[in-house]
1. Convert each backbone phi in the stretch 120-136 into a coupling constant with the Karplus relation 6.51 cos²θ - 1.76 cosθ + 1.60 (shift: θ = phi - 60°), then list the ³J(HN,Hα) values in order as whole Hz, x for Gly and Pro.
2. Pairs of lysine in the chain with Cα under 19 Å and at least 8 positions apart or on different chains: total?
3. Have a look at ILE30, ILE20, ILE58 and tell me which one the Gaussian network model of the chain (Cα, springs below 10 Å) gives the largest fluctuation.
4. Which of rounded, prolate, oblate describes the stretch 50-113, given a ≥ b ≥ c as roots of the alpha-carbon gyration tensor eigenvalues and a/c under 1.5 marking rounded, otherwise prolate only if a/b is larger than b/c?
5. Just the accessible area per residue of the chain, please: how many Å² with a 1.4 Å probe?
6. Quick one: grab the alpha carbon gyration tensor of the chain, order the square roots of its eigenvalues as a ≥ b ≥ c, and give me rounded if a/c is under 1.5, else prolate or oblate depending on whether a/b is larger than b/c.
7. Using Cα-Cα distances under 8 Å and only pairs 6 or more residues apart, what relative contact order does the chain have, in percent?
8. Under a GNM of the chain (C-alpha, springs under 10 Å), which listed residue has the highest mean-square fluctuation: LYS131, LYS64, LYS113?
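The values are calculated or read from the model by the stated rules, or taken from the named source; none is laboratory data. The structure displayed is predicted, hence computed values, not measured ones. Note: accessible area is taken over every heavy atom of the protein model, side chains too, but ligands, DNA and RNA are not part of it. Shrake-Rupley method; radii C 1.70, N 1.55, O 1.52, S 1.80 Å.
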Amino acid sequence: MMNTALKKILDEQVKKYNSIEFIEKDPISIPHLFTQKQDIEIAGFFTATIAWGNRTSILNSSKKMMEAMDFAPHDFLINHEENDLKRFIGIKHRTFNETDLFYFIHFLQGHYKQHNTLEVAFNLSKSKNMKERLIAFHTYFFSI
């Protein structure tokens, strides 16, 4: 049975972090902007990738990316034309720059044209070992 003191600490943390007040000021708020599974995955992936540093800066950079995709990331990735990529020029976050952004867009476009969900990319390895699954994802992601 769980230690009562530990349960109390964990319950307090749930109250703190699982609240509107926390979420609206945290990068986790970006995927919360969406209801379609693919939009949530894409927004979460981009946001998690740049989630280091100041939370306000992360939020601002993530919102710029979502705005550049017309707040419809899945639709944008599937249907954008080369000329649409100009809107990403100047969007960067610390060391994550336009080149990185263009690669992500290119990879995700190809992935979503073949698969309905990003989960597929994280399930390439049938291993239950998380390290092996992440290595398989890394290999797949950088395969183009």
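1. Result, ordered by residue: 3, 5, 8, 10, 5, 8, 7, 5, 8, 6, 4, 4, 5, 5, 5, 4, 5 Hz.
2. Close lysine pairs found across the chain: 13.
3. ILE20
4. Values: a/c = 1.84, a/b = 1.74, b/c = 1.06.
Prolate, because a/c is 1.5 or more and a/b exceeds b/c.
5. Working: 9390 Å² over 144 residues.
That works out to 65 Å² for each residue.
6. Oblate, because a/c is 1.5 or more while a/b does not exceed b/c.
7. Working: 109 pairs, mean separation 22.9, N = 144.
Once normalised by length, the contact order is 16 percent.
8. Comparing LYS131, LYS64, LYS113 in the GNM, the peak value goes to LYS131.
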